[in-house]
Every structure is written in C-alpha cells, then in structure tokens.
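Every number in this text was worked out from the coordinates using simple rules, so none of it is lab data. None of the values given here were measured: they were computed from a predicted structure. Cβ placement follows ideal geometry from the backbone for every residue including glycine, while neighbour counts extend to all protein chains displayed.
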C-alpha cells in the first residue's frame, strides 16, 4: 500500500514538473522604465522612416499638425486603419497625450537628434528670409522638422501606438500613426497609417 501511495506521489510530482510554468502578471513598470520603452519605440519608428544621419524634433509632443486638441477624434479614426490594435493601447495613447509634453534631451534614439523649440522655429520662419533655406543652412542633414506624440502602450507593453509628422518644405510633409509590436525584446513597425499630407 505504501508503495502505491509513493508511486502515485511520484507520478503527480512528475506531471507537475512537466506542466506549463505559471506566469505571474508583470508589475506596473516605473516611470523610468516607461520612458526607456518610449525611447525604444521612437528609435524603431525613426529607423523605419529615415536614413538621415540626424533628425530635428520639436521639443514638445503633438498628435497632429495642430497639437493635441483633436487626439481622441483622430485616434478613433486611425483605429479603423490599424487592424489588431488593442483597445488598451488606444486608451493609453489618449491618456498619455491629454496635453503637450516636453521631450527628453537624453533619449537613446540610435540617431543624432536636436530638439527644436517653437521660439527657434519661429526665428527660422520670420519675415525677410526663406524659412526652409535658413533651416537647412543650420541642419543640412535633417529630413525636415519632425513632431512626435507620447507613446501609448497595451497592458503587457508589447504593443504601442505613436504619431510622427515631418514637414520638409512649405508643401512637402506627411503624418503617420504607427502600430508597433515588440517581438523578442525588439520593437518593430507592424502597420502605419497616413493621417495627413501636404
């Protein structure tokens, strides 16, 4: 009888060891961890967009050429063109872009970048000079002036939504929403949806 109980216990232990390992819900990441993930999303998206050696980025976030005022309506429209987007990703994006936020000057983006203030941009486009000529005189390697949103994430931080818009001349520019996915620790572009062009 003791042999049967011992054998039964050994079989149960063996089956438990062979079964799937339970996964624990990951703890909420810290603000620093979220900032690192956000920079990694920017880096992957910028690498997909540009081959330029440097990028000029506005120093505050926006979700379209007008700023952040139309974020909720824009996201609702964009979601129709991004199949597979998690509702939590879209909600996070709207929450994290409730207003314009300053971008960090020490992000690791995999490319040289400059943060441009609105005052500096106004100086380029002041009267009595061609603003784009003045801009490219200062930043000849830049693809234009780029604006970024904050990044929205799903609950498991393996899907992200981000806006990027670049104006490269008076009538040359476009804006996109990118659905990004993280596979094996690396962010990649899943789908991008154009929201404006000039």
task: Please give the calculated 222 nm ellipticity per residue for the chain, where each DSSP H segment of at least 4 residues contributes -39500 (n - 2.57) and the sum is spread over every residue; nearest 500 deg cm²/dmol?
output: -11000 deg cm²/dmol
task: In a Gaussian network model over the chain where Cα atoms closer than 10 Å are linked, find which of 41, 151, 181 has the largest mean-square fluctuation.
output: 181
query: Given R₀ = 30 Å, FRET efficiency for residue 197-residue 54 by Cβ-Cβ distance, to 0.05?
result: 0.80
- request: Place the peptides 55-67, 79-91, 108-120 in order of packing, highest mean first, counting for every residue the other Cβ atoms within 10 Å and averaging per peptide.
  value: 55-67, 79-91, 108-120
task: Find how much the distance from residue 111 to residue 127 grows on full extension, using 0.36 nm per residue of separation minus their present alpha carbon separation; answer in nm with one decimal.
output: 2.6 nm
query: How far is helix 31-49 tilted, in degrees, relative to the longest principal axis of the Cα atoms in the chain, given as a value from 0 to 90 rounded to the nearest 10?
result: 60
- prompt: Between residue 134 and residue 155, what is the spin-label point distance in nm, taking each point 7 Å from the Cα along the Cα→C-beta axis?
  reply: 5.1
- prompt: By what distance, in whole Å, do the Cα atoms of segment 66-144 stretch along each of the three principal axes, largest value first?
  reply: 46, 30, 22
message: Give me the tail of P(r) for segment 24-106 as a percent: Cα-Cα pairs with distance above 21 Å.
response: 40
query: Taking one equal scatterer on every alpha-carbon of segment 117-157, how large is log10 of I(q)/I(0) by Debye at q = 0.18, 0.20, 0.27, 0.28 1/Å?
result: -0.59, -0.67, -0.99, -1.03
message: Full-extension gain between residue 188 and residue 76, please, as 0.36 nm times their residue separation minus the C-alpha to C-alpha distance.
response: 38.1 nm
field: the chain: relative contact order in percent, alpha carbon pairs under 8 Å with at least 6 residues between
entry: 24
field: Å³ per residue enclosed by the Cα convex hull of segment 125-192
entry: 103
